[in-house]
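The next block holds one structure in the form of structure tokens; read it before the comments.
What follows is calculated from the coordinates using simple rules that are stated; it is not laboratory data. None of the values given here were measured: they were computed from a predicted structure. Counting neighbours? That spans all protein chains shown, and the Cβs are built from the backbone with ideal geometry, glycine included.
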Amino acid sequence: MTELAIPESVKPFAGRIIDADAHEMLPLQVWSEHFGPVTDRLAESFSSHPPNSPGGLNFPDFPGDERAIDAESVWTMKGSFAPGAVDFNRRLDVMDFTGVDRQLVFPGGVAIMGSFLYNFPVEYGFLQDFEGDRKAYGRDLIEASNQWAVRTAAISSRLRPIAALMGDTPDEIVANARKLIDQGIRTVWLMSSVPPGGVSPAHSDLDPLWALLAQANVTATLHIGSEGGFLKTDTWGDAPAFDGFKVGVEFDLSPWRLSIQHLPSQNFLASMITGGVFERHPNLRFGVIELGSFWIGPLAQMLDLWHDNGETFGPNAEVRLRLRPSEYIARNVRVTAFPFEPVDDYIDKFGLEDVYCYASDYPHLEGGKHSMHRFAARLERLGPQVMEKFFVSNGEWLVPE
């Protein structure tokens, strides 16, 4: 592990690169050790999943985080066997090897399943045989994951493990945010399909939350895996044509689901922009992660259209935006791209070169192989200034020092 395993065109940014999406991928066999016995019931359910799948969490013969760190392992190996998937002291070595300075680390199965139990009833299909208070158990799982994040954050300021932020009322969600901040958390994850604290993200009752996050330089994020419940029914996707596609912990890969999975986050963000949240809180940092970047340019274009032509619709409206919606997006919002997306074409068409961010999704299967190389190959034609924004400065808004 002597030479950086990154493309030549990215080497000028080595040691400063921001990775805006990575994950812990602790297999269920070590959950009790890392999260506590509260996970035992969840682990029992996951133990029926096919073993040793790179996209899964069931590894009966998991030997520990011992895979050598080399170009092959960091760019092609996926799942719990990838180096640094479990041991975050080793994750720092992987980051060094790939030129990454700081990295957002999103939670895995424990927090995701906890959020399902906390937010959604049994009809959504997960742990249908669970006996007891689903919401209380979901809250306990989320707390266990959040405390893992607190401990991991203490390893190094280069690691930014993310805590799930829940609350049934504005006061509760603010209190929970303050507790996490006091414990050293610097990034929080909100559920995109659930009104935070039971109100619109644009409601003035949430202004104390946005003010708290902005003042503390804590980033608010939305992330794939929290879309359930946005639609009244999933019958839209219940058709033979959508059978047989892969399903992971975070989402399924049917063509219908892929076409709509960004909509809850788009709705959440549009509410914030048009409701003046970024007008009232100009220093609020906001990221939309692992939902692709194909939708942000069209959203900016659409919101600008209605902003420029909609004054007559609300002559008595209390909120007047000083900037166009696309300007708030460029200033406050960052979005990660998938490595197969033509990000260079998006920039040609929509601008917003300050919005798109590099993300490896390490060590998840969906991150693909050689993500940095694929992004670089697309962006090289736009020149080093745009590349530096994509790999470094745009992500710095989400992961400040």
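Shape of segment 28-174 from the C-alpha gyration tensor: oblate (a/c of 1.5 or more and a/b not above b/c, with a ≥ b ≥ c the square roots of its eigenvalues). Computed about its Cα centre, the charge dipole of segment 8-398 is approximately 780 debye, with only Lys, Arg, Asp and Glu carrying charge at their Cβ. Running a GNM on the chain with Cα contacts under 10 Å, which residue among 196, 342, 264 ends up with the highest mean-square fluctuation? Highest fluctuation of the listed residues: 342. When every alpha-carbon pair in segment 8-398 is counted, what percent end up more than 40 Å apart? The answer is 11 percent, as a whole percent.
Okay, helix-only estimate at 222 nm for the chain: each DSSP H run of n ≥ 4 adds -39500 (n - 2.57), divide by all residues, round to 500 deg cm²/dmol; what do you get? Write down the numbers at each step before the final one.
Values: 17 runs with 152 residues, N = 401.
Counting only the DSSP helices, I get -10500 deg cm²/dmol.
Computed over segment 254-398, the P(r) curve from all C-alpha pair distances, binned at 10 Å from the origin, holds 11, 40, 33, 13, 3, 0 percent per bin.
For segment 40-49, backbone phi angles converted through the Karplus equation (6.51, -1.76, 1.60; θ = phi - 60°) give residue-by-residue couplings of 4, 5, 5, 4, 4, 5, 6, 5, 7, 6 Hz, Gly and Pro being listed as x.
How would you rank 25-31, 369-375, highest first, on the average number of other Cβ atoms within 10 Å across their residues? Show your work: numbers first, answer last.
Working: 25-31: 22.9, 369-375: 18.9.
Listed from highest to lowest mean packing, they are 25-31, 369-375.
If you count Lys pairs in the chain whose Cα atoms are under 23 Å apart, skipping same-chain pairs closer than 8 places in sequence, the total is 9.
Kindly give the semi-axes, whole Å and largest first, of the ellipsoid equivalent to segment 163-219, taking each as the square root of 5 times a Cα gyration tensor eigenvalue.
Details: eigenvalues 56, 28, 20 Å².
With the √(5λ) rule applied to segment 163-219, the semi-axes are 17, 12, 10 Å.
Here's the picture: charge each Lys and Arg Cβ at +1 and each Asp and Glu Cβ at -1 in segment 8-398, and of 170, 332, 220 the one pushed furthest to the positive end of that dipole is 332.
With coordinates expressed along the principal axes, the C-alpha atoms belonging to segment 128-287 extend over 50, 36, 33 Å, beginning with the largest.
For the chain, averaging the sequence separation of C-alpha pairs within contact (under 8 Å, six or more residues apart) and dividing by the residue count gives a relative contact order of 19 percent.
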